[in-house]
C-alpha cells in the first residue's frame, strides 16, 4: 500500500493510496479521509458514479468539513479496475469507470472486473488491517451507479449498518445505463443481474435497515432512468422504511451532492455512533 | 453574453457565462453564483491561481454553501485570455492560465493580456449591466497569483470595499513565479511591475482597508516564494491592519481553501452588509 497523496483538510487528512489487488488483478487507487481523532471512529464507504475515479467525490462534494465535525472516516474507492492491460471500451457505460460494482462472468472482463468482491471483501480487509477505524460502525453510500451499488452491497453484507444514496440507479433490468454492461459483463444472464439489482434484492432480502435515505433532484437529467419510484414501491411492499427527499431544481451532478452532503454524513454518523 | 452552465447549488444557482471582451479581444468565460435573494446583495470577485480556469474554484472550494447562507453573490473570472489565436507558452507560468491580472505592454502579449482592465473595468461593467447585485457592497479575494491580484486590484480601485487572500504571491519582484511573465509581458520594466506589485503598492497607497485578511498554510510547498512576511512588514510600517492566520499542516491547494473558505465569505459578508 503506497501513499500517493496527503493533504490536511479541515481538522483531518485527505489521503489517496495505491495498492495491488489480488481480486481485480491490478493496481487500485482509493481515498481515505481520517478525522483528527480516528481511533475507533465510524467509517463510511462512498461509491461513485460512472466515469468517476476516487478523485471526483474527494475534490467536489465538500464532505470533509462534515466528516471532520462528526469525527467519521470516509473511504472512496475507484469505480473500476484501470491500466494498460485492463479491458476497456469507448462507450462510457462499459469498461473503465463503469464496473457497476459487480463480478463480471464473461471474458475478457472477468479477470479484472470483480468489483463486488473488491468493495465488499478486499477493500474492507485492507482498511481493517491498516487503519484504526471502528470495524463495526460501518456504513455505505454512493451516487448514481454507486448509489445502486451501495444499496446492493448493503442488502447482502452484514458489514454495513447504514445505507444512503444520491440519485441511485435502482433497476439494472430497466435502466439504459446497464444494457452494454449486461451483455458484456454478464452474458445477458438475468439471474446474474438479479444478484446486483436493488429492486430484485429488496424483494428477496431478509435484511432490513432502520431506514434507507435517498435524495434526488427533480431536474436530474437521468431521472426517468433511475427507477427510484419503482424502488420506493418495492420498499413499501416489503416494509423497508425509506427517507426520500426529492429536491426541486437540482440536477444529477456534484453541485447537487455538495448541497446535501451534510445531511448524509449526519444521517450515518448519528446512527453509527449509537450502535 | 451566453449562458453555458446552470446548476442549482444550495439555495442559489451556480452559472457560467461566455462573452466577447473588447478588452482582451477574445471570448472569456466567467462564473456567477447568485444566492436565492440576489437583488442588491453584496458581491465578491474571486481571482484564481496559475493554471486555473473559472472552474476550479466553483467545483472545489465549496464556497456556495456559505455564499448561500450569507446571501452574497460571487463572480469568478478565468485567469487569462484563451483560444486558438491567443499567444501561449509551454511554461505554466506564462501565457494561458498565468495572466497575473496585469496589462501586458509587449508583443505578442499586449493584444489580449489586458486582464487588469478586464477584471477592474470590463467585468464589473458587464456584471453591473446584467445582474441586480449591489453596486457598492463589493469585495475581492483570491488565491496565490489571484491572492496577489486581489490585493493589487483592491489597493487601486474604490470599487472594492473589502479584500482577502489565500496564500497570496506578495512580491512580483522577488517571486520565481513572475520571472518569465516580467520578461515577456512587461519587457523587464520595473516601473511597469511596480504597478501590480502588492508590496510596492502597499507602500505607496493612500487607500486603507479596515483589515486585509490573509490565510496561509505552513506546509505550503511555495511558502518561501510568496513573501507574505515581507508584505506583513510593509503593512506594519504603513499602518495597514492585517488579519493573518498561519495554519499548521495545510498546503497550497484546494483542500486548504475548502478548509477556510467559510471564514473568508463570513469576513467579507459581515463588513459589506454593514456598509
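Where a number appears in this text, it was derived from the coordinates with a stated rule and is not lab data. Predicted, not measured: the structure shown is a model, and the values here were computed from it. Heads up, the Cβs are rebuilt from the backbone with ideal geometry, glycines too, and the neighbour counts pull from every protein chain shown.
Percent antiparallel among DSSP beta bridges with both residues in segment B:2-273, to the nearest 5?
Of those bridges, close to 50 percent are antiparallel.
Would you mind giving the mean number of other chain beta-carbons within 10 Å of the Cβ of each residue in A:242-253, as a whole number?
Mean shielding by partner chains, rounded to a whole number: 2.
How big is D, in µm² s⁻¹, for the protein assembly as shown by Stokes-Einstein at 10 °C and 1.306 mPa s if Rh is the Kirkwood radius over C-alpha pairs?
Answer, rounded: 64 µm²/s.
Determine, from the Cβ-Cβ distance of residue B:40 and residue A:107 and an R0 of 60 Å, the FRET efficiency 1/(1 + (r/R0)^6), rounded to the nearest 0.05.
For R0 = 60 Å, the calculated efficiency reads 0.40.
What residue among A:169, A:214, A:86 shows peak mean-square fluctuation when chain A is described by a Gaussian network model with Cα springs under 10 Å?
Checking each option, the largest mean-square fluctuation is seen for A:86.
By per-residue mean of other Cβ atoms within 10 Å, what is the highest-first order of B:98-104, B:140-146?
My ranking of the peptides, most packed first, is B:140-146, B:98-104.
Determine the shape class of segment B:101-145: with a ≥ b ≥ c the square roots of the Cα gyration tensor eigenvalues, call it rounded for a/c under 1.5, and otherwise prolate if a/b is greater than b/c, oblate otherwise.
oblate
Between residue B:11 and the same site in the other copies, what are the distances in nm, shortest first, taking label points 7 Å from Cα along the C-beta direction?
Here residue B:11 shows inter-copy label distances of 2.7 nm.
Quick one: in chain B, whose Cβ comes closest to the B/A rotation axis, and how close in angstrom?
Residue with the nearest Cβ, plus whole-Å distance, for chain B: B:62, 2.
Shortest first and in nm to one decimal, what separations exist between residue A:246 and its copies in the other chains, measuring from label points 7 Å along the Cα-to-beta-carbon line?
Ordered by increasing distance: 5.5 nm.
With a point put 7 Å past each Cα toward its Cβ, work out how far residue B:132 is from residue A:51 in nm, to one decimal.
In this crude label model, residue B:132 to residue A:51 measures out at 3.4 nm.
Return the calculated 222 nm mean residue ellipticity for the protein assembly as shown, to the nearest 500 deg cm²/dmol, obtained by summing -39500 (n - 2.57) across DSSP H runs with n ≥ 4 and dividing by the residue count.
-8500 deg cm²/dmol
Only Cα pairs within less than 10 Å get springs; with that Gaussian network setup on chain B, which residue of B:222, B:166, B:131 has the largest fluctuation?
Between B:222, B:166, B:131, it is B:131 that shows the largest mean-square fluctuation.
Give me the percent relative contact order of chain B, please, defined on Cα pairs under 8 angstrom at least 6 residues apart.
Values: 612 pairs, mean separation 48.4, N = 275.
With pairs under 8 Å counted, the relative contact order is 18 percent.
Pick from B:195, B:22, B:223: which is most flexible by mean-square fluctuation in a GNM of chain B where alpha carbon atoms under 10 Å apart are linked?
Of the options given, B:22 has the highest mean-square fluctuation.
Measuring label to label, 7 Å along Cα→Cβ, what does residue A:262 give against each other copy in nm, shortest first?
List, nearest first: 0.8 nm.
Which distance in Å, rounded to a whole number, links the C-alpha centroids of segment B:228-243 and segment A:47-100?
Between the Cα centre of segment B:228-243 and that of segment A:47-100, the gap is 44 Å.
Between residue A:84 and residue B:208, what FRET efficiency follows from the Cβ-Cβ distance if R0 is 35 Å, with the result rounded to 0.05?
0.05
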